[in-house]
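Chemist: The following block contains the structure, expressed as structure tokens.
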Amino acid sequence: MEFLIRSAQIIDKSSSFHLQHKDLLISNGIIKTIADNIEYEGQIIEADGLCVSIGWMDMRAHYQDPGNEHKEDLESGAAVSASGGFTDVLLLPNTSPVISSKNAVSYYHKWNKSSAVQLHPMAALTLGCEGKELTEMIDLHTAGAQAFSDGLRPVWHSDIMLKGLQYLQKFNGLLINKAEDEMLSSFGHMNEGKVSTLMGLKGIPVLAETLMIQRDLNLLEYTGGRLHISLVSSGEGLELIRVAKKKGLNVTCDVGVNYLKFTDEDLQDYDTSLKVSPPYRTETDRMALLDGILDGTVDCLVSDHIPHDEESKKLEFDLADFGSSNQQTFFGVVSEALGGSLFDSIELFTSKPRKLLQLRVPQIKEGESACLTLFNNDEWTMNDHTNKSKSVASPLFGQTIKGKVLGIINNGQLVLNDI
């Protein structure tokens, strides 16, 4: 297979072609030539404002396969990922059964052999993701697990958290934890504050996040190791991480993309597609997260793609499940939130997640394997025709979005979007 990408602006700080407009000739999955005005008579990909970067990586998504394939399976999940611009996805371990065996890890590796979207399993830190007994982490690492976490659930047991940080040091493994004290968040449905009071819903306080972050940072300082705090939602939580980084602790964090757009004010219509965990917080918190991106405190941006069927979402707000379908609309939200600083922050979902997971970072260079995402600033509408997910629980469903992914190139394959 051979094709030409015509006059694309290359967005890659590590490339000598960064911000330049070039033609890229791709042949048999390899970047054969990067030059101006390449003469070519085969398939040509071109578009107004076309940009190309190394393939995007999502460090937090849940395809629910195996176990809940009616919500999302690997095939539909990969279609969503490609449409959203992602060539690589780190998957949560909360499947049924959970990812805690070599066979469970190999399930995804078999998929990767023939897919343009590469799926990287995150193994469970504890058996059943219940927080009581550690899994065989060395065996899982050898089998190909990229990180360890209880995924949707925080590691509530302090001694298990401590031992996990210690054991993972044997192979420099990464422990990912969700910052949530479940004793404080139980029975809550949204951010605790003025809006939750007016809506008559039990709130989840910021304290549920900051207590867990502070505990984990204290344990990290005591044991050493590598800790990644996922889905920071508050300015207070981010400030704790900022201070810990200045102290030299080996801690990183990510922010869910929709937390850069929505606040608790947006929930006043009781739209269950906005019921997520942790909850959307205040405008002050949203701005603090944006500041954290700009000053380098935030290491990665993630979709937190948690798809659900209608039976899980078309309910009274307090009965609906947490989570929404976010991967396909990721770029539009990022474009709106970051504006002119987008190109400076693109490493948050290209190179930085791969470095954290100790994966090879692709290069836009002649002779290198092509792992690329194509995009521009066009508008498109999220609807029944364009939606690739089995889930329609997207807060942007039915809306026109500015920022369009045109396709991905990876594993010797070209996938172009029809949106």
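Chemist: In the range 100-121, what count of residues is obtained for those that are closer than 22 Å to Lys390 by Cα and either part of a loop (DSSP other than H, G, I, E, B) or of a type outside the set (Ser, Thr, Tyr) (or both)?
Modeler: Selection size over the range 100-121: 10.
Chemist: Restricting to the range 54-70, what's the tally of residues that are small (Gly, Ala, Ser) and over 17 Å from the mean Cα position of the chain (by Cα)?
Modeler: 1
Chemist: If you don't mind, there's one more thing I want to ask. Exactly one of (1) in contact with a Ser or Thr (Cβ under 7 Å, 6 or more places away or on another chain); (2) part of a loop (DSSP other than H, G, I, E, B) is unmet by Thr95. Its number?
Modeler: So Thr95 meets the others, but not (1).
Chemist: Next question. With Asp48, Asp73, Asp139 as the choices, which residue is within 20 Å of the chain's Cα centre (by Cα) and touching a residue at least 12 places away in the same chain (Cβ under 8 Å)?
Modeler: One residue alone meets the criteria, Asp73.
Chemist: Okay, next question. Filter the range 1-17 for residues that are open to solvent by 60 Å² or more (accessible area, probe 1.4 Å) and not polar (S, T, N, Q) and give the result.
Modeler: Met1, Glu2, Lys13
Chemist: Continuing with this model, one more query. Here are some residues: Lys275, Lys261. Which one is closer than 25 Å to Gly151 by Cβ, open to solvent by 40 Å² or more (accessible area, probe 1.4 Å) and among the charged types (D, E, K, R)?
Modeler: Lys261
Chemist: Given Asn250, Asn191, which one is at pLDDT 95 or above and surrounded by fewer than 24 Cβ atoms within 10 Å (Cβ to Cβ)?
Modeler: Asn250
Residues are listed down the side, and each one gets a yes or a no for (1) closer than 30 Å to Gly29 by Cβ; (2) in contact with a strand residue (DSSP E or B) (Cβ under 9 Å, 6 or more places away or on another chain); (3) crowded, with 19+ Cβ neighbours inside 10 Å:
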site: His308; (1), (2), (3): no, yes, yes
site: Asn326; (1), (2), (3): yes, yes, yes
site: Ile346; (1), (2), (3): yes, yes, yes
site: Thr400; (1), (2), (3): no, yes, no
site: Asn410; (1), (2), (3): yes, yes, yes
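Chemist: All but one of (1) of a type outside the set (Gly, Ala, Ser); (2) at pLDDT 95 or above; (3) more than 22 Å from Asp73 (Cβ to Cβ) hold for Thr329; which doesn't?
Modeler: Against the list (1) of a type outside the set (Gly, Ala, Ser); (2) at pLDDT 95 or above; (3) more than 22 Å from Asp73 (Cβ to Cβ), Thr329 comes up short only on (3).
Chemist: Still on this structure, please answer the following. Wholly within the range 263-373, which helices (runs of 4 or more DSSP H) include no fewer than the required count, namely at least 3 residues that are farther than 29 Å from His120 by Cα and of a type in the set (D, E, K, R)?
Modeler: Because the criterion is at least 3 residues that are farther than 29 Å from His120 by Cα and of a type in the set (D, E, K, R), the helices (runs of 4 or more DSSP H) in the range 263-373 that meet it are 283-294.
Chemist: On the basis of being closer than 23 Å to His62 by Cβ and in contact (Cβ under 8 Å) with a residue 12 or more places away in the chain, does Leu294 make the cut?
Modeler: Here the answer is no, as Leu294 does not meet what is asked.
Chemist: Here's another thing I want to ask about it. For the range 145-188, give me the residue count where each residue is of a type outside the set (Ser, Thr, Tyr), more than 18 Å from Val232 (Cα to Cα), open to solvent by 40 Å² or more (accessible area, probe 1.4 Å) and touching a residue at least 40 places away in the same chain (Cβ under 8 Å).
Modeler: Counting residues in the range 145-188 that are of a type outside the set (Ser, Thr, Tyr), more than 18 Å from Val232 (Cα to Cα), open to solvent by 40 Å² or more (accessible area, probe 1.4 Å) and touching a residue at least 40 places away in the same chain (Cβ under 8 Å) gives 4.
Chemist: Take the conditions part of a helix (DSSP H, G or I) and modelled with pLDDT of 95 or more and apply them to Leu175. Does it pass?
Modeler: No.
Chemist: With the condition kept exactly as written, say whether any residue in the range 289-304 is out of contact with any strand residue (DSSP E or B) (no Cβ under 7 Å at 6 or more places or on another chain), of a type in the set (Val, Ile, Thr) and more than 25 Å from Leu174 (Cα to Cα).
Modeler: no
Chemist: Looking at the range 195-217 only, could you name the residues that are in a helix (DSSP H, G or I) and open to solvent by less than 30 Å² (accessible area, probe 1.4 Å)?
Modeler: Passing the criteria: Val195, Ser196, Met199, Ala208, Glu209, Thr210, Met212, Ile213, Asp216, Leu217.
Chemist: Only one of Lys71, Lys102, Lys110 is among the basic types (Lys, Arg), open to solvent by 40 Å² or more (accessible area, probe 1.4 Å) and out of contact with any helix residue (DSSP H, G or I) (no Cβ under 7 Å at 6 or more places or on another chain). Can you tell me which?
Modeler: Lys110
Chemist: Condition test on Leu220, is it over 29 Å from Asp271 (Cα atoms) and either part of a loop (DSSP other than H, G, I, E, B) or open to solvent by less than 10 Å² (accessible area, probe 1.4 Å) (or both)?
Modeler: Yes: the conditions hold for Leu220.
Chemist: What's the number of the only condition in (1) aliphatic (A, V, I, L, M); (2) open to solvent by 10 Å² or more (accessible area, probe 1.4 Å); (3) in contact (Cβ under 8 Å) with a residue 60 or more places away in the chain that Val333 fails to meet?
Modeler: Exception for Val333: condition (2).
Chemist: Determine which single condition Leu92 fails, assuming it passes every other condition in (1) open to solvent by 10 Å² or more (accessible area, probe 1.4 Å); (2) closer than 24 Å to Glu311 by Cβ.
Modeler: Only one criterion is unmet by Leu92, namely (1).
Chemist: Can you confirm whether the range 351-366 contains a residue that is among the polar types (S, T, N, Q), open to solvent by 40 Å² or more (accessible area, probe 1.4 Å) and without any contact (Cβ under 8 Å) to a residue 40 or more places away in the chain?
Modeler: No.
The values are calculated or read from the model by the stated rules, or taken from the named source; none is laboratory data. Every value quoted in this text rests on a predicted model; they were computed, and no experiment measured them. Quick reminder, even Gly has a Cβ in these numbers, built from the backbone with ideal geometry, and neighbours come from all protein chains shown. Heads up: the accessible areas ignore ligands, DNA and RNA and are worked out on the full protein's heavy atoms, side chains in. Shrake-Rupley method; radii C 1.70, N 1.55, O 1.52, S 1.80 Å.
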